[in-house]
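Okay, structure first, notes after.
The values are calculated or read from the model by the stated rules, or taken from the named source; none is laboratory data. What you see is a predicted model; the values in this text were computed from it and never measured. Reconstructed Cβ throughout: ideal geometry from the backbone, glycine too, with neighbour counts over all protein chains shown. Just the protein is used for accessible areas: all its heavy atoms, side chains included, with ligands, DNA and RNA removed. Shrake-Rupley method; radii C 1.70, N 1.55, O 1.52, S 1.80 Å.
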Amino acid sequence: MTRARRWIGEHLVLGLGLLVLAYTFVPIAIVVLMSFNDSSTSRNVYKFQKFTWDNWLHPGSWADGMADSVWLSIRIALLATVVATALGTLAAFALVRHRFAGRSAANLIIFLPMASPEIVMGSSLLALFVSAGFGGQLGFWTILIAHIMFCLSFVIVTVKARLSGLNDNLEQAAMDLYATEAQTFWRVTFPLVLPGIVGAALLSFSLSFDDFIITNLNAGQEVTFPMFVYGANQRGVPMEVNVIGTAMFVISIAVVLGNEIVRRRQEKALAA
Amino acid sequence: MSQVHEGAAAPSGAHARGADGSRDLRLTGLTKEYATFTAVKSLDLVVPQGEFFALLGPSGCGKTTTLRMVAGLDTPTSGTIHLGDTEITFEKPYRRPVNTVFQNYALFPHLNIAKNVAFGLERRGIKNTRQQVADMLELVELTSQAHKKPTQMSGGQQQRVALARALINKPEVLLLDEPLGALDLKLRRGMQLELKRIQTEVGLTFVHVTHDQEEAMTMADTIAVMNQGVIEQMGAPSELYENPRTTFVANFLGQSNLIAGEIEGRDGDHVKVRVQGAVASVPGDRAHSDSGKGWLGIRPEKVLIAEAGTPIDAPGDVITGGYVTDVSFVGVSTQYSVMMPWGQELTVFEQNTGARSMLPVGTKVDISWRPEFAFLLDASQDAKAGIEDD
Ligand SMILES: Nc1ncnc2c1ncn2[C@@H]1O[C@H](COP(=O)(O)OP(=O)(O)O)[C@@H](O)[C@H]1O
Ligand SMILES: [Mg+2]
């Protein structure tokens, strides 16, 4: 009895951990599995019919408009990431390093886009675009502007956290050790804030890539990948969607792993 | 360790010698005011080249502020800072031949130890820092740790890295801001000796900030005692200890018995003071007041104690009528508290020579001291100034 109890005690935490992992990974596993599903004989998307490489090997046969929607989403996500990361980083520096009138108000306002419901943000943006006379030009640029906006607050908050955690004694130590203002920034401040900036950029990309609500309201005739999936879902999701899903998953894992490998290799090189 | 002197070019910044060819650090009328608070008040200070100089004072007295102005990290409200004949008051920190060991080390967390140490040399465009870094790490005995990150090291090791990182630049002045504060007692004693050894070897000017009077006394050639933004007194450790000028110095550096007295005036090279009915004479150079009321000061270990009625081996007056209120045995010595007839408790330290057994509490005693060991201070000062409540 006590042995059984001890066994449970020892394995309970492990078992619970595995359950939680399964909870998060089962859906992803389904996506990966379905990307190899041969659905040519049936439209029943919830059933695995037969293994095939076709979904992966013949993008030409992809559902109409899917490739375009993916390409559009990637372009918007890249641009929104670059612009939001650059602007957000600068804003974070200003908010942490400079005292100015309205600083605390600005710190509060940054949280608004994160806190307010997307549907509210999306519709008020639409109202803004229309009343500014861009009602007829909704499309790539309005999507981009909307994405930059909501990415910005995430970037600012992430970089700010990193920057305020930075001991400003370090910068003074650098100056004391003959580093000019510019050298201090590039040798000390920037490398120490960089992980925050990279994290913010990755977050921006994925926020932009999968945004649906705000995008849908401001897209005009354009169709992004999330909009495509939503539309296709009315008829039954084509298996190729799972290909994109799996590819995105593999790429993010690769980025994380790559980062780790580079870091370890650098450490090893230094230790050599 | 002679390698330390060779190699890198001297830091940037002019190297004009003082009138007498020296590179003394001179602070003149140095003042730092914050909105509502004056942290440093018109400080005048000369730190001779090559000296181990200690700035000693309680927490909050303005030590860090003073160092930061010398390093160029704070701008003085008024006053000047000179190195030799070069004025550096408003020079950028990276253009001063001055380096700092920060109170919390401030090591760069993203660089390994070797890179941290090489930082200053590299910023000055010096190539091939390898050998110098290796020599420096050897000096602080961290050769095997060169590739670790600062967070992987103990407090004592980090402290030595901070020292190496500053020292490698061979600054004309090295500023140390309570560098041993975070270490435990044993490590601190070890590092004190090591710092002193390194300073002697490299021969640079060290300005060492501390609030630990024992640390200042064991390490420094000269101590400046600082209190509330001003220097109270400056001199060799023994000089400050034996002949304090203010009640703050008398209490902050060791302990003192301060007895109220009435100064009768100068008599030749002595000053006469009436204390509780007796007249004591204090050597002129130890009397820092010569009229009105005064504090007669005597260090506890200079006071001789004996059971009432037994002879005391001292040429001065014997003061009778005291009794022991507290005894504590600390190995090398015994510390007595003695209640005097005028209601003041005096502290007496007696060496445990074994000549006599301990005097128990309640014993009636006489005390005495050699007049030349006493000092006389102006009575307008608080007799409790500088007593640390710990
Ligand atoms: N930025 C500041 N504004 C106002 N007061 C300050 C500021 N920096 C330091 N002080 C005050 O100046 C005094 C001296 O500080 P500091 O030089 O750090 O003392 P120490 O190093 O001797 O402990 C302290 O009382 C501190 O509160
Ligand atoms: Mg301090």
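Taking into account only those residues within segment B:41-72 that are aliphatic (A, V, I, L, M) and away from chain A (no Cβ under 14 Å), which is farthest from ligand 1 (Cβ to nearest atom)?
B:46
Within segment B:73-106, can you find the residues that are part of a loop (DSSP other than H, G, I, E, B), open to solvent by less than 20 Å² (accessible area, probe 1.4 Å) and at the interface with another protein chain (Cβ under 8 Å from one of its Cβ atoms)?
Of the residues in segment B:73-106, the ones part of a loop (DSSP other than H, G, I, E, B) are B:73-77, B:84-85, B:88-92, B:96-97, B:102-106.
With the extra rule that they be open to solvent by less than 20 Å² (accessible area, probe 1.4 Å), the set shrinks to B:76, B:84, B:88-89, B:96-97, B:102, B:105-106.
Residues satisfying the conditions are B:102, B:106.
Could you run through segment B:46-68 and say how many residues are in a strand (DSSP E or B) and open to solvent by 10 Å² or more (accessible area, probe 1.4 Å)?
1
Checking the conditions here, which among B:326, B:317 is part of a strand (DSSP E or B) and open to solvent by 70 Å² or more (accessible area, probe 1.4 Å)?
The match here is B:326.
Among what's in segment B:288-314 and is farther than 25 Å from residue B:253 by Cα and outside any loop (DSSP other than H, G, I, E, B), pick the residue that is least open to solvent (accessible area, probe 1.4 Å).
B:306
Which members of segment A:151-173 meet the condition of being within 14 Å of chain B (Cβ to nearest Cβ), polar (S, T, N, Q) and part of a helix (DSSP H, G or I)?
Matches in segment A:151-173: A:169, A:172.
Check B:18, B:60, B:13 and return the single one that is modelled with pLDDT under 95 and either touching a helix residue (DSSP H, G or I) at 6+ places or on another chain (Cβ under 9 Å) or of a type in the set (A, V, I, L, M) (or both). If you could, list the steps in order and put the result at the bottom.
On the way: B:18 fails: either touching a helix residue (DSSP H, G or I) at 6+ places or on another chain (Cβ under 9 Å) or of a type in the set (A, V, I, L, M) (or both); B:60 fails: either touching a helix residue (DSSP H, G or I) at 6+ places or on another chain (Cβ under 9 Å) or of a type in the set (A, V, I, L, M) (or both).
One residue alone meets the criteria, B:13.
Do any residues in segment B:154-179 that are touching a residue at least 40 places away in the same chain (Cβ under 8 Å) and within 11 Å of another protein chain (Cβ to nearest Cβ) have Cβ atoms under 7 Å from those of residues that are within 16 Å of ligand 2 (Cβ to nearest atom) and aromatic (Phe, Trp, Tyr), where the two are at least six apart or on different chains, and which pairs are they?
B:162/B:102; B:162/B:105; B:177/B:102
Those residues that are surrounded by fewer than 16 Cβ atoms within 10 Å (Cβ to Cβ) and within 8 Å of another protein chain (Cβ to nearest Cβ), I need them from segment A:181-200; list them, please.
Selection gives A:191 alone.
What number of residues within segment B:214-240 satisfy the criterion of being buried (at least 18 other Cβ atoms within 10 Å of the Cβ) and more than 14 Å from ligand 1 (Cβ to nearest atom)?
So the answer is 10.
Given the criteria in contact with a strand residue (DSSP E or B) (Cβ under 6 Å, 6 or more places away or on another chain) and part of a loop (DSSP other than H, G, I, E, B), does residue B:109 qualify?
So residue B:109 does not fit the description; no.
For (1) modelled with pLDDT of 95 or more; (2) of a type in the set (A, V, I, L, M, F, W, C); (3) assigned to a helix (DSSP H, G or I), each residue gets a yes or a no:
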{"residue": "A:175", "(1), (2), (3)": "yes, yes, yes"}
{"residue": "A:178", "(1), (2), (3)": "yes, no, no"}
{"residue": "A:191", "(1), (2), (3)": "no, no, yes"}
{"residue": "A:195", "(1), (2), (3)": "no, no, yes"}
{"residue": "A:203", "(1), (2), (3)": "no, yes, yes"}
{"residue": "A:206", "(1), (2), (3)": "no, no, yes"}
{"residue": "A:222", "(1), (2), (3)": "no, no, no"}
{"residue": "A:231", "(1), (2), (3)": "no, no, yes"}
